[in-house]
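The values are calculated or read from the model by the stated rules, or taken from the named source; none is laboratory data. Keep in mind it's a predicted model, so treat the numbers as computed, not measured. So basically every Cβ, Gly included, is an ideal-geometry build from the backbone, and we count neighbours across all protein chains shown. Just the protein is used for accessible areas: all its heavy atoms, side chains included, with ligands, DNA and RNA removed. Shrake-Rupley method; radii C 1.70, N 1.55, O 1.52, S 1.80 Å.
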Amino acid sequence: MKIAILGATGLVGRTMLNLIEGRPWVTGDPVLLSSDRGAGTKLDFNGRSLECREVSANSFQDVDVALFSAGGRTSKTWAPVAAGAGAWVVDNSSAFRMTEGVPLVVPEINGQLVSWPEGNSGGIIANPNCSTIQIAMAVAPLDQAFGVTEAHVTTLQAVSGAGQAAVVELEHQEQGRPANNDGAFDRQIFRNAIPAIGDGLEDGSYEEETKVVRELRKILGRSADLAVSCTATRVPVVTGHSAAVRLVCDKPVDLKQAATVLSRFPGVEIDPDPHGFLTPLEVAGTTTVHVGRLRKDPDNPHALLMWVVADNLLKGAAWNAVQIAELLAGESPQ
Ligand SMILES: NC(=O)c1ccc[n+]([C@@H]2O[C@H](COP(=O)([O-])OP(=O)(O)OC[C@H]3O[C@@H](n4cnc5c(N)ncnc54)[C@H](OP(=O)(O)O)[C@@H]3O)[C@@H](O)[C@H]2O)c1
């Protein structure tokens, strides 16, 4: 399949490019795209140096799969153009995630939604929010086993989740230098924690929290019968999101069974010791979702608590998107 990457110069785009190196389903060199700022940037692919170009109406000719990670506004402009040219867009932004008819896919959970329709016409598949992906991976097997009725989440999200400029901002604050970008964060992030990600909404939540609530329900095929709450925080970690999760279930929870279903779920690793856990530093660079601190709520036999960590640039973004492309490759009529 001919691949394009829009946002190829960004943190997620570069990670995607690394991940597709050597994949047998990638035909020729990928088309690397950015805005006019990144045009001309040279990026390595399979030992060769490829040049990134400014995205244009002609960028998607002959492209089978276009991996988008250039923000919501860019996706709204270019995803219909790419899909109209016959490509499948796997979109990392929030632009189409809640659009009816657009599948929101975590391959291990609902990969069956990915199919290449007759006539080889393109379309849009949405990649979920980075925190939502790892939370959904841990909740899905427990939902199957015990019927989850409530999910209450507090996230601790790495700065790389806000892009390259945010990583630079943390580095500058660590070095005591003034920020030299247009300010990824409203408050100091170094030695701090900020309980606000995205715009503040009328109901008192922030955008990121609403994404977790809505997207978790959509991925699990649930509606308001699944009560979800989320407090999303940004912490001075470079890579790796963490989430403290409390679930309430229909059935009383058996801890051994919970550990077993999690260990059998593809893409999830579990430390069954209630005192066991991994940290963001330890999962950075891996594609798995790690569950630790798995324990029962002492006051409620239907409730359990856990700590869920994953690399936000890999399973939270680029790896999940490449897995979707891989599903398309299996379905591709070519
Ligand atoms: N970082 C994460 O953990 C994560 C996780 C899930 C989803 N996402 C989503 O993925 C997207 C990118 O994230 P990132 O972390 O890679 O951000 P980033 O490091 O800031 O990179 C942004 C990329 O988008 C390109 N871009 C920006 N405006 C553009 C425009 N008008 N036209 C064409 N290209 C444009 C940039 O190109 P230039 O070089 O030309 O500026 C750059 O390649 C966002 O939608 C984000 O919400 C990120």
Item to complete: Would you be able to say whether some residue in segment 255-267 is under 26 Å from ALA193 (Cβ atoms), open to solvent by 10 Å² or more (accessible area, probe 1.4 Å) and not aliphatic (A, V, I, L, M)?
Response: no
Worksheet item: Is there a residue in segment 195-205 that is exposed (fewer than 12 other Cβ atoms within 10 Å of the Cβ), of a type in the set (Asp, Glu), touching a strand residue (DSSP E or B) at 6+ places or on another chain (Cβ under 9 Å) and over 21 Å from THR279 (Cα atoms)?
Response: yes
Fill in: Index of the failed condition, THR239 passing every other in (1) free of Cβ contacts under 8 Å to residues at least 40 places away in the same chain; (2) within 16 Å of the ligand (Cβ to nearest atom); (3) in contact with a helix residue (DSSP H, G or I) (Cβ under 9 Å, 6 or more places away or on another chain)
(1)
Discussion item. Contact list please: Cβ distance under 6 Å, first residue in segment 58-72 and farther than 17 Å from LEU11 by Cα, second residue β-branched (Val, Ile, Thr) and more than 14 Å from the ligand (Cβ to nearest atom), pairs at least six apart or on different chains.
Written reply: VAL65/ILE3
Worksheet item: Do any residues in segment 244-267 that are assigned by TED's automatic domain parsing to the domain that holds LEU156 and under 13 Å from ALA140 (Cα atoms) have Cβ atoms under 8 Å from those of residues that are assigned to a loop (DSSP other than H, G, I, E, B) and polar (S, T, N, Q), where the two are at least six apart or on different chains, and which pairs are they?
Response: GLY267/THR287; GLY267/THR288
Worksheet item: What about ARG23, is it touching an Asp or Glu at 6+ places or on another chain (Cβ under 7 Å), modelled with pLDDT of 95 or more and either open to solvent by less than 40 Å² (accessible area, probe 1.4 Å) or more than 12 Å from the ligand (Cβ to nearest atom) (or both)?
Response: no
Worksheet item: Looking at VAL322, VAL289, which is the one that is open to solvent by less than 10 Å² (accessible area, probe 1.4 Å) and not assigned by TED's automatic domain parsing to the domain that holds VAL253?
Response: VAL322
Worksheet item: Does VAL55 satisfy being crowded, with 24+ Cβ neighbours inside 10 Å, within 15 Å of the ligand (Cβ to nearest atom) and modelled with pLDDT of 95 or more?
Response: yes
Discussion item. Being buried (at least 18 other Cβ atoms within 10 Å of the Cβ) and over 19 Å from HIS152 (Cβ atoms) narrows it down to one residue among VAL245, VAL237, VAL228, VAL213; which is it?
Written reply: VAL237
Worksheet, complete the sentence: For ARG97, the lone unmet condition from (1) away from the ligand (no atom under 13 Å from the Cβ); (2) open to solvent by 10 Å² or more (accessible area, probe 1.4 Å); (3) touching an Asp or Glu at 6+ places or on another chain (Cβ under 9 Å); (4) touching a residue at least 60 places away in the same chain (Cβ under 8 Å) is (1)
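Matching residues to (1) within 16 Å of the ligand (Cβ to nearest atom); (2) within 27 Å of VAL289 (Cβ to Cβ):
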residue: ILE135; (1), (2): yes, yes
residue: ALA145; (1), (2): no, yes
residue: GLY161; (1), (2): yes, yes
residue: GLN164; (1), (2): yes, yes
residue: LEU170; (1), (2): yes, yes
residue: GLN173; (1), (2): no, no
residue: ARG177; (1), (2): no, no
residue: GLN188; (1), (2): no, no
residue: ILE197; (1), (2): yes, yes
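For segment 305-314, does any single residue satisfy the condition of being within 16 Å of the ligand (Cβ to nearest atom) and in contact with a Leu (Cβ under 7 Å, 6 or more places away or on another chain)?
yes
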Worksheet item: Quick check: is even one residue across segment 325-333 crowded, with 23+ Cβ neighbours inside 10 Å, assigned by TED's automatic domain parsing to the domain that holds LEU11 and not in a strand (DSSP E or B)?
Response: yes
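Considering segment 163-176 alone, what residues qualify as being part of a helix (DSSP H, G or I) and open to solvent by less than 50 Å² (accessible area, probe 1.4 Å)?
ALA165, ALA166, VAL167, VAL168, GLU169, LEU170, HIS172, GLN173 - these are the residues of segment 163-176 that are part of a helix (DSSP H, G or I) and open to solvent by less than 50 Å² (accessible area, probe 1.4 Å).
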Worksheet item: Could you say whether any residue in segment 49-64 is under 22 Å from the mean Cα position of the chain (by Cα) and under 20 Å from GLY7 (Cα atoms)?
Response: yes
